[in-house]
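Trainee: Got a structure for you, questions after.
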Amino acid sequence: MDVILVLITVSFILAAGFLASFIWAIRSGQFEDDYTPSLRILLEDKEKAESR
Amino acid sequence: MINEKKDKYCVHCGDLCLSEAIEKEGRDFCCSGCLFVYELLNDLTLQKNYDISKLKSISPKPVKEGEYDFLDDEEIKEKLLLFSINGKAKVIFSLPNIYCSACIWLLENITRMDTGIKEAKVNFLKKEISILFIEEQTSLKKIAALLASIGYRPKLNMANLERKSPVDDNRSLIIKLGIAGFCFANIMLFALPEYLALGNLEENIRTYLRFLSLIASVPVLYAASDYFRSAIISIKMKIISIDIPLSLGIIALFLRSSYEVLTFTGPGYSDSLAGLLFFLLLGKVFQKKTFYTLSFDRDYKSYFPMSVIRKKGEKEEYVAIKDIKIGNTLIIRNNEIIPTDSILMTETAILDYSFVTGESIPVPVKFGEKIYSGAKHIGSTVEVQVVKNFQQSYMTELWDNQLLKDKKEVYTSDISNKMAKYFTILVLLVAFGGFLFWVNKDIKLAMNAFVAVLIVACPCALAISTPFSYGTALRIFSKFNLFLKNDKIVEKIADVDTIIFDKTGTLTESEKSEISYTGKPLSEQEFSWLKSAARNSTHPYSRSIYDYLKNYELNVIENYNEIFGQGIDAVISSNRIRIGKKSWIYHDDDKNDLNQDSFSDEAAVYVSINEESKGCFLIKSRYRESSFDIINELSNTYKVVILSGDLPADKEILTKNINKNVEMYFEQKPADKLNFIKNLQNLKKKVMMVGDGLNDSGALNQSDTGVAVTDNTSNFTPGSDAILNVSSINQLPAFLKLSKKTVQTVYMSYTLSILYNLVGFTFALTGNLSPVIAAILMPLSSISVVVFTILKTTINGQTLKLK
């Protein structure tokens, strides 16, 4: 039964890792502008396409 | 005359090319500015721009030499730059000309036009570009000029200089919500075995889980830091606010849990603690809704440019407004604002004082007369001599008036704070009462009961009902084009008992006046001549005529002359077109068949073609269809007042259509409006001001709830608490009702939360508040309050028949 202690600890640490990445994502401003990137993707770079 | 010249449209901006069209590489350009951008893009092989879309309405004007020189000023630079470290600097420019995805593409490619720019990122909704550049290789001045030259003139006004780097509360709030949610979910998982196994859990596992819960509850204290901070502030200011019982509850929960876990006496209340914070923060996030495209905090400084042209000997130079000295000669072009009090140095000028006085008809000024700051100059370029510094000018003094300062202190929800006062006192009484009751019989039970009361009474339901109900109302309003500055405005709107309307632009349609033509019939050709002649004038009547004739073609004008205060004299295809005052068009001996008397209450603009009088355009301001209905409906329950800056020309129409209990005042200057509201407020009235123009800014600010009405929400609006799209002005009575109902909903949810607390108290006072009961009762009360307020407000919104 003791193995459950190990499992709980590991899962807790993993989840804490996700929390840390969430905080990092917010801090880096990834959610500041949720509209412009959706337009940016529509503009393909013609030059690259031609040089292919 | 057969001149089948095909209309040419500019390749760059899509505008019609008039006489000065430039041709290059088989393409046409309307001006050298457009050609310049085209060449620039061509050099950089960025022509793709022309495949993506026609960049309409972005016709660049050539950047003048030295136009942005003032950006080299250290003081201005320091205020504009977000940061400047190790030679790298970041600046955010507001570019109102961003319209489409092609703009993003072009703007983000400016890194290729100026190698000093390392990164350019556009925020489409905010219409901003943030630019990271290397200070040695380029400068603010160069970047601003570059942006202007490709058609995106940065908006630089006096208000930019006051903006501090934007503090982002939102980020830290979301982080805290994330932490609270993480802790809540984990602690719940750790606590479940204990609740489900009911004592059959192995001893070592149980202890381990309890410790883990306690560890996971430590970050929750960080998430609660805002509540502690504001509790401390309100204690210092000797105010009882809702944050005090909240903070007490949070601390009691944490200390009690630590005590139980560390002494191996119980499981603690970590799960309740984390759940409480999660719901509280969720409410805080919910109540915040930002409308990026709107700006609520504009004051007069937003309307003043940062620089102006100064005459220096024979040369012209751009100078920052703060550096203008008394005695300087400034050059003011069409549609520019007079930055500071001055004296006119040119023969005549026409000034639009609507910003200052509210009078929409421009005023003529003669040589040597004094001009006050804030006036907008209409017509050809004039020179003025400065007599006062910007800081002491009329506008600045009007605005820095003590009246407007310190008026709006931090506004916290009145209702929840009033309730919090009683609540806090009640909780402390019950807690101490319980303690005193048990203290002689069982000291341990007494302590338990004391802490349990603080825990269970934690007014979470009380604290979350306001954000959720106001937040929901705010969302409903925004669906119907009423945008509130924040959720607390809902409560303020519900409090209003007096409503003041501005007439022009609010009750009448400012742009679209009713216009009709009477007189001899005109051919299509003749109408198109009139349109072309009217196009060049900025007089409001000319604009109306131009709009009225918008379906006709444009002609090239051979000769154009605008006679001050009289009219327009233009020559098109060798035909003489005159538009203007009756006395100017018709000479005394000219007999015409128009009876002047029949148009007494309307403005008439007369026209003649080749010296033959033709007829006139009748222009009158048109009331919005619903204006009278709204006012009459509101006047049943509210005191309604109409304040107008205009002359009392419309008094008859108004009295005919409006209830008698509506008061009307005409020729009100902005200061009069402001004082009128102040007087009402001294009589303990809660005033809502509904107005549009800059001339209402002071009144909007002074009123308890200022509602700015606008045709287009992306347009500029004066500083206000709420922005209302004109199309929704007929919803105003429904908005007021919904606000009142929402406040009722808040009261109902308070009753609900008090019932929960009564149940909780009985458990707590008898010393029976086990962690399981707390873990059920507290989230249950929170969730039910959230569901209740959101549902109730949404249903209220629907039953009000908002269309």
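The values are calculated or read from the model by the stated rules, or taken from the named source; none is laboratory data. Owing to the predicted nature of the structure, the values given are computational and were not obtained by experimental measurement. Note that each Cβ is placed from the backbone with ideal geometry, even for glycine, and that neighbours are counted across all protein chains shown. Surface areas here come from the heavy atoms of the whole protein model, side chains and all, with no ligands, DNA or RNA. Shrake-Rupley method; radii C 1.70, N 1.55, O 1.52, S 1.80 Å.
Trainee: With the calculation restricted to Cα positions, what are the radius of gyration and Dmax of the stretch B:649-797 in angstrom?
Mentor: For the stretch B:649-797, the Cα radius of gyration and maximum Cα-Cα distance read 23.3, 76 Å.
Trainee: Of B:Lys141/B:Lys485; B:Lys118/B:Lys284; B:Lys656/B:Lys737; B:Lys236/B:Lys673; B:Lys284/B:Lys741, which sit over 31 Å apart, Cα to Cα? Kindly include the intermediate steps, with their values, before the conclusion.
Mentor: Numbers: B:Lys141/B:Lys485 34 Å; B:Lys118/B:Lys284 37 Å; B:Lys656/B:Lys737 27 Å; B:Lys236/B:Lys673 38 Å; B:Lys284/B:Lys741 21 Å.
From the list (B:Lys141/B:Lys485; B:Lys118/B:Lys284; B:Lys656/B:Lys737; B:Lys236/B:Lys673; B:Lys284/B:Lys741), the Cα-Cα distance tops 31 Å for B:Lys141/B:Lys485; B:Lys118/B:Lys284; B:Lys236/B:Lys673.
Trainee: Here is a further query. Roughly to the nearest percent, how much of the accessible area of the stretch B:72-162 is carbon and sulfur, given a 1.4 Å probe? Walk me through the intermediate numbers first.
Mentor: Numbers: 1770 of 3800 Å².
Taking all protein chains in place, the stretch B:72-162 shows 47 percent carbon and sulfur surface.
Trainee: Tell me, in nm to one decimal, what length is gained between B:Ala671 and B:Tyr586 on full extension, where the rule is 0.36 nm per residue of separation less the Cα-Cα distance? Numbers along the way, then the final one.
Mentor: Working: separation 85, 0.36 × 85 = 30.60 nm, distance 4.06 nm.
Contour length minus the Cα-Cα distance gives 26.5 nm.
Trainee: May I pose another question? Kindly report the accessible area of the stretch B:72-162 per residue (heavy atoms of protein chains, probe 1.4 Å, no ligands, DNA or RNA), in Å². Intermediate values should be presented prior to the final figure.
Mentor: Numbers: 3800 Å² over 91 residues.
Each residue of the stretch B:72-162 exposes 42 Å² on average to a 1.4 Å probe.
Trainee: Further question on the same structure: Could you work out what % of the accessible surface of the stretch B:724-790 is carbon and sulfur, using a 1.4 angstrom probe and leaving DNA, RNA and ligands out of the count?
Mentor: Values: 1960 of 2620 Å².
The C+S portion of the solvent-accessible surface of the stretch B:724-790 is 75 percent.
Trainee: Does the stretch B:72-162 classify as rounded, prolate or oblate by the C-alpha gyration tensor (a ≥ b ≥ c root eigenvalues; a/c under 1.5 gives rounded; else a/b over b/c gives prolate, otherwise oblate)? Could you put the intermediate results ahead of the total?
Mentor: Working: a/c = 1.77, a/b = 1.25, b/c = 1.42.
Oblate shape, in that a/c is at least 1.5 and b/c is the bigger or equal ratio.
Trainee: Okay, moving on. Spin-label point model (7 Å from Cα, Cβ direction): what's the B:Lys236 to B:Arg112 distance in nm?
Mentor: Here the modelled spin labels are 5.4 nm apart.
Trainee: Roughly how large, in nm² to one decimal, is the mean projection of the convex hull of the alpha-carbon atoms in the stretch B:419-557? Working shown, then result.
Mentor: Values: hull surface 60.0 nm².
Over all viewing directions, the stretch B:419-557 projects a mean Cα-hull area of 15.0 nm².
Trainee: Which of the GluC sites (Glu not before Pro) across the stretch B:183-212 are loop residues per DSSP, with 14 or fewer other Cβ within 10 Å?
Mentor: Values: sites: B:Glu194, B:Glu202, B:Glu203; in loops: B:Glu202.
Hits after loop and neighbour filter: B:Glu202.
Trainee: In Å², rounded to the nearest 100, what is the total accessible surface buried by chains A and B against each other with a 1.4 Å probe? List each step's numbers first, then the result.
Mentor: Numbers: alone 5380 and 38850 Å², together 41610 Å².
So the total buried area for this chain pair works out to about 2600 Å².
Trainee: How crowded by other chains is A:23-33, given as the mean number of beta carbons from other chains within 10 Å of each beta carbon? Walk me through the intermediate numbers first.
Mentor: Working: counts 7, 1, 2, 9, 4, 0, 3, 0, 3, 6, 9.
Mean partner-chain Cβ count within 10 Å for A:23-33: 4.
Trainee: Using a 10 Å cut-off around each Cβ of peptide B:111-123, what is the average number of partner chain Cβ atoms that fall inside? Working shown, then result.
Mentor: Working: counts 0, 0, 0, 0, 0, 0, 0, 0, 0, 0, 5, 4, 4.
For peptide B:111-123, the averaged partner shielding equals 1.
Trainee: Give me the log10 of I(q) over I(0) for the stretch B:80-226 at q = 0.12, 0.13 Å⁻¹, as the Debye formula computes it from C-alpha points; what are the numbers?
Mentor: Normalising to I(0) and taking log10 leaves -0.65, -0.69.
Trainee: Under a 1.4 angstrom probe, counting protein chains only, how are B:Leu262, B:Leu140, A:Leu19 ranked by accessible area, largest first?
Mentor: B:Leu262, A:Leu19, B:Leu140
Trainee: On to the next question. Which value in nm describes the separation of the simple spin-label points at B:Glu611 and B:Asn575, placed 7 Å from the Cα toward the beta carbon?
Mentor: 1.7
Trainee: Under a plain spin-label model, where a point goes 7 Å from the Cα along Cα-to-Cβ, how far apart in nm are B:Lys88 and A:Ile41?
Mentor: Using points 7 Å along Cα→Cβ, the separation is 2.8 nm.
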